[in-house]
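The structure under discussion appears below in the form of structure tokens.
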Amino acid sequence: MTEITPELLQRHGLTGDDLARIEEILGRAPTLVELGIFSVMWSEHCSYKSSKIHLGKLPTTAPWVVQGPGENAGVIDIGGGQVAIFKMESHNHPSFIEPYQGAATGVGGILRDVFTMGARPVALLNALRFGAADHSRTRHLVAGVVAGIGGYGNCVGVPTVGGECTFHHAYNGNILVNAMAVGIADADKVFYASAGGIGNPVLYVGAKTGRDGIHGATMASAEFSETKEAERPTVQVGDPFTEKLLIEACLELMAGDCIVAIQDMGAAGLTSSSFEMASRGQCGILMNLDAVPLRETGMTPYEIMLSESQERMLMVVAAGREGEAVAVFEKWGLDCAVVGRVTDTGRMVLTWQGLTVADVPVAPVAGASPVLDRPYELTTPPVPVASPANLDAGPVDRLLLALMGSPDIASKRWIFEQYDHMVMADTVMLPGRGDAAVVRVHGTGRGLALTTDCTPRYCEADPFMGGMQAVAEAWRNLSATGARPLAITNCLNFGSPERPRIMGQLVGCIEGMAEACRALDFPVVSGNVSLYNETDGRAILPTPNVGGVGLVDDTGRMAGLAWDVAGLELVLVGETQGWLGCSLLWQQFLGRDDGAPPPVRLEIERHNGDFVRAAIGAGQVRAVHDLSDGGLAVALAEMCLASAMGATIAMPHDTPSVLGWLFGEDQARYLLAVPKAGLDPLLQEAGEAGVVARAIGVTGGDALTLGDAAAISLADLRARHEGWLPNLMAG
Amino acid sequence: MRAAVVTFPGSNCDRDLAVALEAVLQRPVARVWHGDSELPPVDLVGIPGGFAYGDYLRCGAIAARSPIMAAVARHAEAGGAVIGVCNGFQVLTEAGLLPGALIRNAGLRFVCRHVRVAVAARRNPFTDGYDEGAVLSLPVAHHDGNYVIDEAGLARLEAEDRIAFRYLDNPNGSTRDIAGVLSANRRVLGLMPHPERAIEPALGSADGRPLFTSLLAALA
């Protein structure tokens, strides 16, 4: 019997109080294996103990929601007897330590969450946040993360169609790698992770178990320290080839009806998968660890239970039908072993070499992990600042060029061209061509519009407003393609919840997101929380990434950024007050950190989005782009580059601030390109609908002209926009 | 015309190739497993893109030695048509059905984008449907598409008009911008660009479609 010393407890991230609870649950001292099990199951990563009471504020239902949070991924009805299954998850800590494998295994893990439920994965996205571009580690991390995402996604043959990538010094010591996977299944073939049927066999399938990633979940639940480098456990290593085989084998077996429950082995591996399946099914499992396929010799039960080896699944099949499963997995060259049985004891009993090495009740471990109501201090919203009429910021054409070549706005082509974004031959809105990626539902004319969004600088200034804005921007990006926004997944990345200020950011962002989700009928169906993203007390910006999914009824009627002819009218939809507070221009070029982020008015957001979507559906517009970072000028420049054609806009006489008009980041705005003949009817419809819309310019030429400012040639614009990232990466 | 598409463990464009063929042929395409040792009676065999056997050892090396490839070789020897796309091209060179080899891209990174490709050779079942000198927009998506061949082999390819496609904007450092090559009997084509991903404007290009309609006309 291992003696439970304070050091042992600390290494497991457990407190004396936790030990007391464990002893109360067991009625005795835990074995080492049991201690390891409690450690990972009660880790922040697996138990959501700091966030749980606040996550409950998020709306999770709608008539089209089939499965909300609590399963491997969320499920929504997309018509035609089909469902979309999706989730976003973080792999921040491993990606910082070993960027290639960390990012690669993040992709692998999120894919398993989706095909575990019976869906064929059809799209991947990723939201990446790196440190300052000039920080010594940034290039290495960008190169490794991008290669890792590509190396995995390209090989499994699922297109990586979208995402975002921004840079800020707050991420110098803690990058964010959030991966989102989307799959499609028949509505009547969705699989859940609820074990059942006393006596049914429990099967282990996929790759063998090795010593990699032991205690990954515990690592993801502690902050980094520069001096604790040596204690970092091994990062898992991914094998996308095995994952591809696992996808095909699982989907082949799922076409039949022998699977009772299936769960991937993600964080905390065999421990969390077995406990979660038993917990959901309110049953027990008797597992024989001698039957687990091992990659290495001499592995202990502790290591077997806590290994985070990749590309593994656990499933319960109907008794007597093990042979069907074995045949399919053998065909695909994968290991498949009966490792246990479902029992009615409500206990997880693990045997190894004839000994019982763990015997714990399932419910208290999986369901009754500690729930913490941590103290929090809400951020006081900053006071808005008026946009100054005049600022000595130089000519606006120079400012726009500088913005287009700045880290957050510069083209991410260097990244997305390393991802196979066209495999499966259904990507009908390619990266850089629209506000959201659109992937056709195979064999139909419908499409899924997909986006990831968050503006961390807004969340830092005002978490509540920033949380709302992240949801609203995702909703807007989907609407701008013509899609009906349906639901979101989220990945909430914050610093240490043990600090009230950080906890207040988390609470504020969640409450803001909840408000926006309710107002826009855009519920949360899955998600993930990543805390302790800080190093030596320096936290990241609060980053609640949103992954939005919408439905395009007819992929022949979508809108992208590019217009096709000269002489189109440019129509600005939405009200422009010229809000510079927290804008990119304000913070990065004027060096100002005062002011409040642009207010999100959800009723107007909805109104304007519905108007734009209807106009796209009615075939009234040739191109659409939402206005976000960098405001009108940047949106227009991006449209010109996508179109390979210039445009000219006039400065309004009534604007109090030219900088605010061009670069302000007022919300709920879109820029539309409309044929001349359609302009008056569109403006009239807008007026009748109470939507602010005004014609501001025309398309044509090979330069972008902003009022009286000097014309900017598209060649210069493109050189700045396309040049920044390749130059950075070339060193 | 009857066609089959081979699936190796790790193939990931097998469905795409079958879908493109079925769209043009208007009949089902047979799906063949790597472990099979016989092909069904077909006029065309497609070797799809992907990462066959994980591309371990060398791209296409293990797949080239799988049971089905012996049957594909017999089919080719008998004058049957074979198309290998991307990883399929790598498999065909590893199997010795096409000359040369495909090594790591000159830029050392995976590259996925539409590139301009010129139809460089006609008089074969794959490109007869294109106009002389046609320039196509086709997607590439590969890490190892840099075509290399010895001097004598290159001279022979040029002399025998067996370079089917050339890049106009070479994405991978390929020798003489070679994007696709034909066998000596002009019945086996390997190419790095993906014509099956360019069969309708909704995908960004329909320039790959004439390749399949050419096959239909030639092998009907």
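The values are calculated or read from the model by the stated rules, or taken from the named source; none is laboratory data. Please read all numbers here as calculations on a predicted model, not as lab measurements. For neighbour counting, all protein chains shown are included, and Cβ atoms are generated from backbone atoms with ideal geometry for every residue, glycine included. Keep in mind that these areas ignore ligands, DNA and RNA; they rest on the heavy atoms of the full protein, side chains included. Shrake-Rupley method; radii C 1.70, N 1.55, O 1.52, S 1.80 Å.
Residue by residue, here is whether (1) surrounded by 24 or more Cβ atoms within 10 Å (Cβ to Cβ); (2) at positive phi; (3) not in a loop (DSSP other than H, G, I, E, B) holds:
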{"residue": "A:548", "(1), (2), (3)": "yes, no, yes"}
{"residue": "A:556", "(1), (2), (3)": "no, no, no"}
{"residue": "A:559", "(1), (2), (3)": "yes, no, no"}
{"residue": "A:565", "(1), (2), (3)": "no, no, no"}
{"residue": "A:572", "(1), (2), (3)": "no, no, yes"}
{"residue": "A:575", "(1), (2), (3)": "no, no, no"}
{"residue": "A:582", "(1), (2), (3)": "yes, yes, no"}
{"residue": "A:594", "(1), (2), (3)": "no, no, no"}
{"residue": "A:598", "(1), (2), (3)": "yes, no, no"}
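Is it the case that the range A:70-91 has a residue that's closer than 30 Å to residue A:449 by Cα and free of Cβ contacts under 8 Å to residues at least 12 places away in the same chain?
Yes, because at least one residue in the range A:70-91 is closer than 30 Å to residue A:449 by Cα and free of Cβ contacts under 8 Å to residues at least 12 places away in the same chain.
Working only within the range A:413-458, note down all residues that are within 9 Å of chain B (Cβ to nearest Cβ), open to solvent by 10 Å² or more (accessible area, probe 1.4 Å) and among the β-branched types (Val, Ile, Thr).
Selection gives A:428 alone.
Kindly list, by first and then second residue, each pair from a residue in the range B:40-58 that is closer than 14 Å to residue B:68 by Cα to a residue that is among the polar types (S, T, N, Q), limited to pairs with Cβ atoms under 6 Å and residues at least 6 apart or on different chains.
B:48/B:11; B:52/B:11; B:52/B:87
Residues to consider are A:609, A:527, A:581; find the one that is touching a strand residue (DSSP E or B) at 6+ places or on another chain (Cβ under 6 Å) and either of a type outside the set (Phe, Trp, Tyr) or within 14 Å of another protein chain (Cβ to nearest Cβ) (or both).
Working: A:609 fails: touching a strand residue (DSSP E or B) at 6+ places or on another chain (Cβ under 6 Å); A:581 fails: touching a strand residue (DSSP E or B) at 6+ places or on another chain (Cβ under 6 Å).
The conditions single out A:527.
Name the one entry in A:143, A:104, A:132 that is small (Gly, Ala, Ser), open to solvent by 10 Å² or more (accessible area, probe 1.4 Å) and within 14 Å of chain B (Cβ to nearest Cβ). Walk me through how you get there before you give the answer.
Values: A:104 fails: open to solvent by 10 Å² or more (accessible area, probe 1.4 Å); A:132 fails: within 14 Å of chain B (Cβ to nearest Cβ).
Sole residue among the options that is small (Gly, Ala, Ser), open to solvent by 10 Å² or more (accessible area, probe 1.4 Å) and within 14 Å of chain B (Cβ to nearest Cβ): A:143.
Given the options B:111, B:42, name the one that is of a type in the set (A, V, I, L, M) and away from chain A (no Cβ under 14 Å).
On inspection, the qualifying residue turns out to be B:42.
In the range B:66-85, which residue that is closer than 23 Å to residue A:246 by Cα and either away from chain A (no Cβ under 13 Å) or among the hydrophobic types (A, V, I, L, M, F, W, C) (or both) is surrounded by the most Cβ atoms within 10 Å (Cβ to Cβ)?
Step one: list which residues in the range B:66-85 are closer than 23 Å to residue A:246 by Cα, which gives B:66-68.
Add one more test, that the residue is either away from chain A (no Cβ under 13 Å) or among the hydrophobic types (A, V, I, L, M, F, W, C) (or both), and what stays is B:67-68.
On the way: B:67: 12, B:68: 22.
That would be B:68.
Do we have any residue at all in the range A:161-175 that's within 14 Å of another protein chain (Cβ to nearest Cβ) and open to solvent by 10 Å² or more (accessible area, probe 1.4 Å)?
yes
Testing residue B:133 on (1) part of a loop (DSSP other than H, G, I, E, B); (2) buried (at least 18 other Cβ atoms within 10 Å of the Cβ), one condition comes back false. Which one is that?
Just one mismatch for residue B:133, condition (2).
Of the numbered conditions (1) out of contact with any Lys or Arg (no Cβ under 9 Å at 6 or more places or on another chain); (2) open to solvent by less than 40 Å² (accessible area, probe 1.4 Å); (3) farther than 26 Å from residue A:509 by Cβ; (4) not basic (Lys, Arg), residue A:62 fails exactly one; give the number of that condition.
(3)
Among A:694, A:669, which is more than 16 Å from residue A:563 (Cα to Cα) and surrounded by fewer than 22 Cβ atoms within 10 Å (Cβ to Cβ)?
Values: A:669 fails: surrounded by fewer than 22 Cβ atoms within 10 Å (Cβ to Cβ).
Going through A:694, A:669 in turn, the sole match is A:694.
Take the residues of the range A:358-402 that are closer than 18 Å to residue A:578 by Cα and acidic (Asp, Glu): which is modelled with the highest pLDDT?
The selected residue is A:397.
Select from the range B:8-33 the residues that are open to solvent by 20 Å² or more (accessible area, probe 1.4 Å), farther than 19 Å from residue B:198 by Cα and at the interface with chain A (Cβ under 10 Å from one of its Cβ atoms) and list them in ascending order.
B:33
Which residue out of A:611, A:589 is within 28 Å of the chain's Cα centre (by Cα) and open to solvent by 10 Å² or more (accessible area, probe 1.4 Å)?
Among A:611, A:589, only A:611 is within 28 Å of the chain's Cα centre (by Cα) and open to solvent by 10 Å² or more (accessible area, probe 1.4 Å).
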